[in-house]
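Read through the structure below, which is laid out as structure tokens, and then see the notes.
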Amino acid sequence: MIEEKILSLGIELPDAPQSAGSYIQVVTTGNLVFVSGQIPVDPGSIPMQVKFKGKVGKDLSLEQAQEAAQLCTINALAQLKSILGSLDKIKKFVKVTGFINCDGSFKNHPQVINGASDFIVQLFGEKGRHSRSAIGASSLPLDSAVEIEFIVEI
């Protein structure tokens, strides 16, 4: 079971974070589930606190940005669990899109988003392999360092 794998890594899925704007966190159409962009919100923080803030390569190291991408992934998995009831209902990760808060000189976008991709494959194995985009942005919501969104098949 995926949730047991997550717990065995010393990670507890948080309650699904609330939307920061006028949108819903998860949309299901047919057998596809779209998860809105998730930022590295510290689990259980009330009010919501972003754990990794600022520009990657300036305010945060590559390793911290990879941790931020993993935390975004944990929050996205929490969103999926809240809708699906069980992460075992996921048949395939179709696409992961990652946004990195950075300036124009930053060049390691793929390595940052590997923090999400590698974690997904670690948990889900072959069905976790996905297509992906890694995009640099001049800013992200709440000064987040990274934002991750998913498309999965159920």
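Quick note: the coordinates plus some simple rules give every number you see, no bench work behind them. All of these numbers come straight from a predicted model, not from anything done at the bench. Positions of Cβ are generated from backbone atoms using ideal geometry, with glycine treated the same way; all protein chains shown enter the neighbour counts.
Please turn the phi angles of the range 93-101 into ³J(HN,Hα) values with the Karplus equation 6.51 cos²θ - 1.76 cosθ + 1.60 (θ = phi - 60°), one per residue in order, whole Hz, x for glycine and proline.
Each residue's phi maps through the Karplus curve to give 7, 8, 8, 10, 10, x, 10, 10, 6 Hz.
Lys pairs in the chain, Cα-Cα under 25 Å, at least 8 apart or on separate chains: how many?
Lysine pairs meeting the criterion: 25.
Out of Gly57, Gly125, Gly104, any idea which swings most in a Gaussian network model of the chain, alpha carbons joined below 10 Å?
Gly104
Counting other C-beta atoms within 10 Å, and keeping those with at most 16, which DSSP coil chymotrypsin sites (Phe, Trp or Tyr not before Pro) do you find in the range 21-111?
Those that pass, being in a loop and sparsely packed, are Tyr23.
Given a 10 angstrom Cα cut-off, can you work out which residue in Ala134, Ala116, Ala68 is the most mobile in a GNM of the chain?
Highest fluctuation among the options: Ala134.
In terms of modelled amide H atoms, which long-range or inter-chain residues lie less than 5 Å from the amide H of Ala134?
Residues meeting the criterion, in which the H sits 1.01 Å from N, are Gly98.
I'd like the Karplus ³J(HN,Hα) series for the range 103-111: coefficients 6.51, -1.76, 1.60, θ = phi - 60°, whole numbers in Hz, and an x wherever there's a Gly or Pro.
9, x, 8, 6, 10, 9, 3, x, 5
How big is the range 27-154 by the Kirkwood estimate over distinct Cα pairs, in Å?
Roughly 14.5 Å, rounded to one decimal.
For the range 70-75, what does the Karplus curve 6.51 cos²θ - 1.76 cosθ + 1.60, with θ = phi - 60°, yield as ³J(HN,Hα) per residue in whole Hz, taken in order and with x for Gly and Pro?
Couplings: 5, 5, 4, 5, 4, 5 Hz.
Which of Val27, Val56, Val41 moves most in a GNM of the chain, Cα contacts under 10 Å?
Of Val27, Val56, Val41, the Gaussian network model singles out Val27 as fluctuating most.
Measure out, as a whole number of angstrom, how far apart the alpha-carbon centroids of the range 112-138 and the range 58-111 sit.
Here the answer is 7 Å between Cα centres.
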